[in-house]
1. Here are labelled values, (1) 69, 48, 42; (2) 69, 41, 41; (3) 56, 45, 34, and one is the computed Cα extents along the principal axes in Å for what I pasted. Which one?
2. Which one of Ser16, Ser82, Ser275 has the biggest mean-square fluctuation once the chain is modelled by GNM with Cα springs under 10 Å?
3. How about segment 138-174: which trypsin sites (Lys or Arg not before Pro) there lie in a loop by DSSP and see at most 16 other Cβ atoms within 10 Å?
4. Most fluctuating residue of His206, His102, His111 in a GNM of the chain with Cα springs under 10 Å: which is it?
5. Considering the Cα trace of segment 190-289, what is its radius of gyration and what is Dmax, both in angstroms?
6. Dipole of the chain, Cα-centred, from +1 at each Lys and Arg C-beta and -1 at each Asp and Glu C-beta, to the nearest 20 debye?
7. For segment 127-276, report the translational diffusion coefficient in µm²/s to the nearest whole number, using Stokes-Einstein at 37 °C, 0.692 mPa s, and a Kirkwood Rh over Cα pairs.
8. Taking a ≥ b ≥ c as the square roots of the Cα gyration tensor eigenvalues, with a/c under 1.5 meaning rounded and otherwise prolate when a/b beats b/c, else oblate, which class fits segment 52-181?
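Derivation of every value follows stated rules applied to the coordinates shown; laboratory data play no part. Here the structure is a predicted model, which means the values were calculated and not measured. Glycine also receives a Cβ, built like all others from the backbone with ideal geometry; neighbour counts cover every protein chain displayed.
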Amino acid sequence: MDIRRVGVVGCGLMGSGIAEVAAKSGFDVMVREVDDEVVARGKNRIRQSMDRAVEKEKMTLTEQQAAWSHLHFTAEVSELESADIVVEAIIENLDAKAKLFHELDVLCPEHTIFASNTSSLTVTDIAAATSRADRFVGLHFFNPVPVMKLVEVVRTIATSQETVDRAVQFSKALGKVPIAAKDNSGFVVNLLLVPYLLDAIRQLEHGVATVEDIDAAMALGLGYPMGPFILCDFVGIDTLHQISEIMFDEYRDPRYAPPPLLKRIVTMGRFGRKSGKGFYDWSGEKPIALPV
């Protein structure tokens with residue numbers, strides 16, 4: 001069965017991006033958030049993203065208007081009952097995701113595919129809350145979704161080949177490049193990225209070099225687009241801390257254990273660019289490294 005109607009649950013950074021690319025690709029998209037106020041913020045986030053794309057000549061006004069006509073917003077879960085696929089992009093919390101999908105499982109028809117954008121939880125644990133583990137898959141997009149091409153398509157031991165094929169086709173229809181990933185915490189990208197970021201923090205704790213010099217070393221010495229601490233601030237210090245705790249709980253490998261410095265920065269409310277401060281102060285024209 002072709003996917004024509006897309007449900008997106010959550011309209012934060014990831015959910016709004018997923019909804020935007022689906023609408024641009026011609027899908028009819030229903031976006032659900034918890035209440036009207038959060039819905040309004042999500043609408044504004046997508047509008048601003050599209051406006052920037054028009055300003056940069058990445059899309060025309062006609063294309064923007066066409067995409068916007070495909071977007072619909074609601075605070076009611078029941079509005080997702082006609083979706084061919086529902087992509088969840090809510091808080092990275094197993095209980096919250098399980099509760100959502102249990103509700104959707106009763107609501108949506110049998111052909112509906114469920115997909116989670118989880119970045120660190122196992123898809124199997126989320127799918128267990130439903131009666132359709134064979135139609136449950138991970139679709140892990142990357143921020144910013146309208147720009148980043150990769151999608152990790154995560155198959156559990158119960159996911160059917162038909163579901164995987166439909167998920168891959170859907171990802172390609174969004175203009176993305178899908179890769180197959182095993183259902184282990186972190187999949188491919190975070191499995192390799194998180195230890196790198198945590199190790200950079202540990203080396204900072206050990207006094208190997210400053211924030212600026214470690215970032216410069218990795219950017220200029222290895223050709224990375226940005227250093228680990230700039231990247232931490234973009235990812236979100238609190239998000240990194242949460243992901244590392246989930247992955248450490250899964251593997252019990254010290255590479256995934258959050259360093260003390262990471263915990264202290266989170267405790268101080270320095271969550272990265274989104275809060276204005278992380279490893280850097282983002283309040284000026286250029287980020288300035290903060291003392292740690």
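1. Read-out from the structure maps to (3).
2. Ser275
3. Passing sites in segment 138-174 are Lys149.
4. Checking each option, the largest mean-square fluctuation is seen for His206.
5. Computed over the Cα atoms of segment 190-289, radius of gyration and Dmax are 12.9, 41 Å.
6. Dipole of the chain, to the nearest 20 debye: 560 debye.
7. On the way: Rh = 17.0 Å.
Value of D from the Cα-based Kirkwood radius: 193 µm²/s.
8. Working: a/c = 1.89, a/b = 1.48, b/c = 1.27.
Prolate.
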